[in-house]
There are 2 protein chains.
Amino acid sequence: MAVTRRTSRDIRSESRLDVLHALLLAGEASRGDLVGVTGLSNATVATVVSDLIEGGLVIEARRTGGRVGRPTTSLRLNGNRGRIVGVDVAETYIRATVFDAALDELASAEVAADEHDDDADYVVDRIVSALDAAIGQAGVARADVLGVGISLPGGMAGWGGVSAVVPDATWPHVDRLRERIDLPIVIDNPLKAIATAELWFGEGRRHASMITINLGTGVGAGIVLEGTILRGATNFAGEWGHSLLALDGRQCRCGRKGCVEAYVGASGIQQTLAGIAPAHPLAAETTQREFIGALAAALEPPSPDPAVSETMDLTARYLGSAIADLVAIVNPEMITLTGWTAWALGGHLVPAVRRRVIEESPGDAAAGLAIEVSTVRGNSVATGIATIALERFLSDVGLVTTRLPTAL
Amino acid sequence: MAVTRRTSRDIRSESRLDVLHALLLAGEASRGDLVGVTGLSNATVATVVSDLIEGGLVIEARRTGGRVGRPTTSLRLNGNRGRIVGVDVAETYIRATVFDAALDELASAEVAADEHDDDADYVVDRIVSALDAAIGQAGVARADVLGVGISLPGGMAGWGGVSAVVPDATWPHVDRLRERIDLPIVIDNPLKAIATAELWFGEGRRHASMITINLGTGVGAGIVLEGTILRGATNFAGEWGHSLLALDGRQCRCGRKGCVEAYVGASGIQQTLAGIAPAHPLAAETTQREFIGALAAALEPPSPDPAVSETMDLTARYLGSAIADLVAIVNPEMITLTGWTAWALGGHLVPAVRRRVIEESPGDAAAGLAIEVSTVRGNSVATGIATIALERFLSDVGLVTTRLPTAL
């Protein structure tokens, strides 16, 4: 695939996304505010707002009379333009969340999934159940749903031997999903979803380059360059969790040995603890989320558990070394940590990780690097995949030219 | 630094670069040929050609009468527009190469450098000597030199504690260089130079994403995404040679342990051989280039040296694993190998490296990945850094908007 040529249509598309992002963050804003926030000209903002009003995405909210001069009109996103659903298919649960068109959450429903049952019919059934439950709970008519985004983890991409998340390929079970759901759907992987959430709701657009790192059962990176998510040739970009920390090291569930995930994924952290204190009661905890929660609790003063402290030190060392590799290869301005492990342990890990990254990065490449726990909370996978579905809708109605994967 | 906003001026700039690249590769072309090759419209090509003729970069070469219809005009780059010099500052030599404005090589001069003497005065003196010798040899008036590009390896970036290659920083010895050279100069690192060479003379513009891997004393990657070199926040992007292959592994000359370079750099390969056959005569070879050349010779039929074959197997395994990490993180469409180690050993390494990359990359991410020895030969660092100096000149005269590092 040759280099993509950019056109003036792409520039218009970017201006529209800039205005949508600004309204999403501000809630309400005047045209003048939008000029200030986006850096676009008065004329461009006027045209863009007019396009978005015509498309029903933005409404004029109210007129406010200033003390002097003519009254200004306040703008906001039109939540009632329709509904968007984001479905987070995880190893142990499937959660569907209904949003309005302003990306405010309306309702959410979760069904349990068995990590060991990856039969396609089973997963399709559960996706449909979660979706129907969430739509029912929100009291939304199906006709009002503009799109459904489905996040499928990398591990499920191989069902039937075909990758689900490749832009130009099709998941072999997509036809079944499409038949059962009968609404416009997009499928992507969770790394692209969290990167999208960071881009619309977090730090993504404030930096020319940023990486958001997901820490949970799986580990991965959403890489955002100049406001665009790096997908790579086949949508695998960001699978840093399956890059090497240690040649011939720990066995990873992906089949490779020595992957970053085998050290800093939840079960990798548990393996580190078991190496330090084999008889430690937490080494036998069978639920990953409870294990991570208990680690955080065991670190609380006045008497933090020494084996757990040592586990944190070693985990920070592993994570810092692996992040230094991202600095060596991509050299971003900012790194955010997200996912339930990051929320539980981020406060303990971040200072030691920062020191290690500075030591291990080439030259002074990490001297100005910000490393923070992400400000995007809640289910950032569901929010991100719903945002991708919204982008796809915007593309369908001709407002943006964003190139999306598997738009079905 | 926030996301860079793209303008219609950038689009014009890209169209001009497209036409320049097409003329560089074709030698001569009509406006109609350029439409075919670039995919630009007739009107855009006409405008761009007129701008480039006005700027003296392109000339109408000759009229050819077709059998039917009106004669067409052939266009070519105007080599006589001026001269460009590329200086490759390497660990063991400094080579200056003079090019005409069509990037055809005119003359070249090399001075030896002592790897162990990194005193700034010493290096500045040698850069000036090489430059003067090359300009003299080419019989070029200094007034005709449009620009000088200087490639400084990462290891030298730390002189005086300040990075030389950071776009917004200054090398502490730049003032001295500028005084002594008294011509427009740009400084960049060799990874960005080889990526530029791949972009103008190789595979760079045929793929939406590609990585050029440099194998020599040092090891690194030039990453090209959508026709643009990934620089990162502080120009360190691509320092993959200093990402981890093995946590706590071999000592690297950068100070870190277990870097990719410590395994697949020339002296890393020698260390592998010494591990396999400590008494092997090549394990004691003191010149890196001769060591690599002798390895290639020892692999020739009818009786390839078994210890050298084993060294190649292990090197292919290390290199394949490290490239699989680039696939996991960046997922490019194509990878080219360049540098004197790649030219000497590429034929032996590439098939085994390809197999290893496919095995070790996540999912089927590497299934369609092309891995080849680069088609850009000769001193691609000198060619690339001269091209960066030419881009800087084009930017100075307002023809392109490419953002360059340390333009002085």
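The values are calculated or read from the model by the stated rules, or taken from the named source; none is laboratory data. Since this is a predicted model, take the numbers as computed values, not measurements. Note that each Cβ is placed from the backbone with ideal geometry, even for glycine, and that neighbours are counted across all protein chains shown. The area values use the complete protein model at the heavy-atom level, side chains included, leaving out ligands, DNA and RNA. Shrake-Rupley method; radii C 1.70, N 1.55, O 1.52, S 1.80 Å.
Overview of results
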item: A:Gly218 within 14 Å of chain B (Cβ to nearest Cβ), open to solvent by 10 Å² or more (accessible area, probe 1.4 Å) and within 24 Å of A:Val124 (Cβ to Cβ); result: yes
item: Any chance A:Glu300 is part of a strand (DSSP E or B) and either open to solvent by 20 Å² or more (accessible area, probe 1.4 Å) or not assigned by TED's automatic domain parsing to the domain that holds A:Ile269 (or both); result: no
item: Candidates A:Leu337, A:Leu399, filtered to the one that is modelled with pLDDT of 95 or more and away from chain B (no Cβ under 14 Å); result: A:Leu337
item: One residue from A:Thr315, A:Thr287 being crowded, with 23+ Cβ neighbours inside 10 Å and either farther than 17 Å from A:Asn214 by Cβ or not assigned by TED's automatic domain parsing to the domain that holds A:Ala113 (or both); result: A:Thr315
item: Listing of strands (runs of 3 or more DSSP E) fully contained in the range A:160-234 that carry 1 or more residues being over 24 Å from A:Val128 (Cα atoms), at pLDDT 90 or above and touching a helix residue (DSSP H, G or I) at 6+ places or on another chain (Cβ under 7 Å); result: A:209-215, A:219-225
item: Qualifying residue in the range A:192-202 (condition: open to solvent by 20 Å² or more (accessible area, probe 1.4 Å), in contact (Cβ under 8 Å) with a residue 24 or more places away in the chain and more than 28 Å from B:Tyr318 (Cβ to Cβ)); result: yes
item: Residue match in the range A:205-221 (condition: of a type in the set (A, V, I, L, M) and free of Cβ contacts under 8 Å to residues at least 40 places away in the same chain); result: no
item: Residue under evaluation A:Arg256, criteria (1) farther than 18 Å from A:Pro190 by Cβ; (2) among the charged types (D, E, K, R); (3) open to solvent by 30 Å² or more (accessible area, probe 1.4 Å), criterion not met; result: (3)
item: Neighbours by Cβ (under 6 Å, 6+ apart or cross-chain): first from the range B:178-191, more than 14 Å from B:Val87 (Cα to Cα); second modelled with pLDDT of 85 or more and among the hydrophobic types (A, V, I, L, M, F, W, C); result: B:Arg180/B:Val128
item: Pairs where the first residue, in the range B:358-375, is at positive phi and within 13 Å of another protein chain (Cβ to nearest Cβ) and the second is of a type outside the set (Phe, Trp, Tyr) and open to solvent by 60 Å² or more (accessible area, probe 1.4 Å), C-beta under 9 Å, 6+ apart; result: B:Gly363/A:Cys254
item: Residues (part of a helix (DSSP H, G or I) and either under 18 Å from A:Arg81 (Cβ atoms) or hydroxyl-bearing (Ser, Thr, Tyr) (or both)) located in the range A:27-60; result: A:Thr38, A:Thr44, A:Thr47, A:Val48, A:Val49, A:Ser50, A:Asp51, A:Leu52, A:Ile53, A:Glu54
item: Near pairs, Cβ below 8 angstrom, 6+ apart or cross-chain, from the range A:22-46 (touching a residue at least 24 places away in the same chain (Cβ under 8 Å)) to any residue that is among the aliphatic types (A, V, I, L, M) and surrounded by fewer than 16 Cβ atoms within 10 Å (Cβ to Cβ); result: A:Arg31/A:Ala46
item: Given (1) farther than 19 Å from B:Ile229 by Cα; (2) assigned to a strand (DSSP E or B), number of the condition B:Leu337 does not satisfy; result: (1)
item: Conditions (1) of a type outside the set (Ser, Thr, Tyr); (2) within 14 Å of another protein chain (Cβ to nearest Cβ); (3) touching a residue at least 24 places away in the same chain (Cβ under 8 Å); (4) open to solvent by 10 Å² or more (accessible area, probe 1.4 Å): number failed by A:Ala307; result: (2)
item: Long-range neighbours under 6 Å by Cβ, at least six apart or interchain, first residue more than 7 Å from chain A (Cβ to nearest Cβ) within the range B:228-249, second surrounded by 24 or more Cβ atoms within 10 Å (Cβ to Cβ) and of a type in the set (Lys, Arg); result: B:Ile229/B:Lys192
item: Which numbered condition A:Ile329 fails, given (1) free of Cβ contacts under 8 Å to residues at least 12 places away in the same chain; (2) more than 11 Å from chain B (Cβ to nearest Cβ); result: (2)
